[in-house]
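S.K.: Got a structure here, written out as structure tokens. Questions coming.
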Amino acid sequence: MAAPLDMEPPALSLELLPTDPLLLILSFLDYRDLMSCCCLSRRLNQLSSHDPLWKRHCKKYWLISEEEKRKRNQSWKAVFVSTYSDLGRYIRYYATLKKAWDDLEKYLGQRCPRMIGSLKESVQEEDLDAVEAQIGCKLPDDYRCSFRIHNGQKLVVPGLMGSMALSNHYRSEDLLDIDTAAGGFQQRLGLKQCLPLTFCIHTGLSQYMALESVEGRNKYEIFYQCPDQMARNPSAIDMFITGTSYLEWFTSYVNKVVTGDYPIIRDQIFRYVHDKECVATTGDITVSVSTSFLPELSSVHPPHYFFTYRIRIEMSKDALPEKACQLDSRYWRITNAKGDVDEVQGPGVVGEFPIISPGRVYEYSSCTTFSTTSGYMEGYYTFHCLYYKDKFFNVTIPRFHMVCPTFKVSTARMVSGDAVVFILETNHNEYAVDEDEDSTDTDEYEDRRRVLDIPAPPGRCPRHT
């Protein structure tokens, strides 16, 4: 007998599906939903425990390889559960930070293995909890997670977080271990509730992370401190912002290292940024430029922004031998953000007159300052041929821009004896109030170092060389 037309078909249930399509459906679930399925029925409990389902989650969240799984001698589900019981609070961050650390170790292991030896082993949850109790502030989970992978590094040179060198100035920043960072935790006005992340033993420079939203800072913002030299209040500290969170700050730095944006020079990382379009070729000679901002030699009040640049001059290896030449002089045209122009001309570069021949590369570093937050330089070198002494020619130096990082002005400045509270965040298209014109005077450079309380070097920094 045919069923009545108005009879409803039986409700479709996952339980009624064959095993293979049901396993396929379960393979699209996240680990939370997969665990929930274990509680629904005996059959779903059995299928949700199917080991290949957990392999994907182990690789996605914990980056666990087949080899590591074999060493543990556990099922994929058991590996996931045991790892989650230890690192579960960091599941949002762990894979990203672990990959960054792994990529960094692999890259440096091939190029500067000495630095790998300075990394410290991970810490445990109780160690991080003890630091929180010591400083009276909660640490962000992404910061804690990173220290569950590596506890920073030993205080050594060179530092993991990059170096910078001029003729008489050197900076190299270490990534602080958790105990050293806790020892430098600040409660004084101007740096209230700030934790140091890095430290340079040569300059005393640190990058700090704000653990609370106080004194105009955003919570977990990362910055270089910059004393306000025009304020009477010693707690008036401006900030050059370097990150909005630990995760963003650390992973963006690692990405610049492992992609080669930051060059490895003399077994250490140099934080020069190279714009790939900042290259000019004249005949057989190519000139390229990379730049870097130096916060330790800069100030917001008065506006004084210090940059260093690295020039690479290379002659094509296919050039004829008679194309060999020697650099005689340089010409610079320097323009600040307001359009003011300064011209500089002089013999050689950094006191040298390099000879360029086929396949040879010559590199040097120099520096400049602006009273605006950005500016650019361009110019040319004059060479003479070695084979034809009376033949001179110019080689173009491409225009290269220098831009101060975003900064925040201190919330506590003393003007005429009265406390004035304000906050100002700049962007890269603005320039500060012009209280001093740009200067190439090295005596001004020495004065600036004294104001910033940086030990005077034995020599002087070359300008526009």
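The values are calculated or read from the model by the stated rules, or taken from the named source; none is laboratory data. These figures come from a predicted structure and were not determined experimentally. Please note: Cβ atoms are built from the backbone with ideal geometry, for glycine as well, and neighbour counts cover all protein chains shown. All accessible areas refer to the heavy atoms of the entire protein, side chains included, with ligands and DNA or RNA removed. Shrake-Rupley method; radii C 1.70, N 1.55, O 1.52, S 1.80 Å.
S.K.: Any lysines with Cα under 28 Å of the Lys69 Cα? List them, leaving off those in the same chain fewer than 8 positions away.
M.R.: Lys55, Lys59, Lys60, Lys77, Lys98, Lys99, Lys106, Lys120
S.K.: Over the chain, what is the relative contact order in whole percent, taking alpha-carbon pairs under 8 Å and six or more residues apart? Mind showing how you got there, number by number?
M.R.: Values: 893 pairs, mean separation 51.6, N = 465.
Relative contact order comes out at 11 percent.
S.K.: Right, here's the next one. Arg56 accessible area, nearest 10 Å², 1.4 Å probe?
M.R.: About 100 Å², rounded to the nearest 10.
S.K.: Let me ask something else about it. Counting Lys and Arg as +1 and Asp and Glu as -1, each charge on the Cβ, what is the dipole of the chain about the Cα centre in debye, to the nearest 20?
M.R.: 1400 debye
S.K.: Now for a different question. Which lysines, if any, have their Cα less than 25 Å from the Cα of Lys391, not counting same-chain residues under 8 positions apart?
M.R.: Those lysines meeting the cut-off are Lys317, Lys323.
S.K.: Separate question: Please give the charge dipole size of segment 19-90, origin at the Cα centre, charges +1 on K and R Cβ atoms and -1 on D and E Cβ atoms. Round to the nearest 20 debye.
M.R.: On the way: 13 positive and 8 negative charges, 22 e Å.
Charge dipole of segment 19-90: 100 debye, to the nearest 20.
S.K.: Continuing with this model, one more query. Hey, what do the phi angles of segment 33-44 turn into as Karplus ³J(HN,Hα) couplings, whole Hz, using 6.51/-1.76/1.60 and θ = phi - 60°, x for Gly and Pro?
M.R.: Per residue, the Karplus-derived 3J(HN,Hα) values read 5, 5, 5, 5, 4, 4, 9, 7, 7, 5, 5, 5 Hz.
S.K.: Mind putting a number on the dipole of segment 94-257 about its Cα centre? Charges go on the C-beta only, +1 for Lys and Arg and -1 for Asp and Glu, and I need it in Debye to the nearest 20.
M.R.: Details: 17 positive and 21 negative charges, 101 e Å.
Computed about the Cα centre, the dipole is about 480 debye.
S.K.: Counting only heavy atoms of protein chains, what accessible area per residue, in Å², does the chain have with a probe of 1.4 Å? Mind dumping the intermediate values first?
M.R.: On the way: 22240 Å² over 465 residues.
Heavy-atom SASA per residue in the chain reads 48 Å².
S.K.: Let me ask you something else. From the phi angles alone, apply the Karplus equation (6.51, -1.76, 1.60; θ = phi - 60°) to segment 361-374 and give each ³J(HN,Hα) in whole Hz, x where the residue is Gly or Pro.
M.R.: Running phi through 6.51 cos²θ - 1.76 cosθ + 1.60 with θ = phi - 60° gives 10, 10, 10, 8, 10, 8, 8, 7, 10, 10, 8, 10, 6, 8 Hz.
S.K.: Same structure again: Quick one: helix 94-111 against the long Cα principal axis of the chain, what's the angle to the nearest 10°, folded into 0 to 90?
M.R.: In the chain, helix 94-111 runs at an angle near 50 degrees to the longest axis.
S.K.: If amide hydrogens are placed 1.01 Å from N in the peptide plane, which non-local residues have theirs closer than 5 Å to the one on Ser122?
M.R.: Result for Ser122 returns Asn151.
S.K.: If you work out volume of the Cα convex hull per residue in Å³ from the coordinates, which of (1) 250; (2) 146; (3) 272 do you get?
M.R.: From the options (1) 250; (2) 146; (3) 272, the structure gives (1).
S.K.: Using a probe of 1.4 angstrom, how much of the accessible area of segment 19-90 is carbon and sulfur, in percent? Mind dumping the intermediate values first?
M.R.: Numbers: 2300 of 4260 Å².
Answer for segment 19-90 is 54 percent, counting heavy atoms of protein chains only.
S.K.: Of the chymotrypsin sites (Phe, Trp or Tyr not before Pro) in segment 13-92, which ones lie in a loop per DSSP and count no more than 14 other C-beta atoms within 10 Å? Working shown, then result.
M.R.: Values: sites: Phe28, Tyr31, Trp54, Tyr61, Trp62, Trp76, Phe80, Tyr84, Tyr90; in loops: Phe28.
Within segment 13-92, the qualifying chymotrypsin sites (Phe, Trp or Tyr not before Pro) (loop, at most 14 other Cβ atoms within 10 Å) are Phe28.
S.K.: For a quick check of your reading of the filter: which trypsin sites (Lys or Arg not before Pro) in segment 252-299 sit in a DSSP loop and have no more than 11 other Cβ atoms within 10 Å?
M.R.: Arg266
S.K.: While we're here: Taking loop as defined by DSSP and a crowding limit of 14 other beta carbons within 10 Å, which GluC sites (Glu not before Pro) in segment 108-208 fit?
M.R.: Glu121
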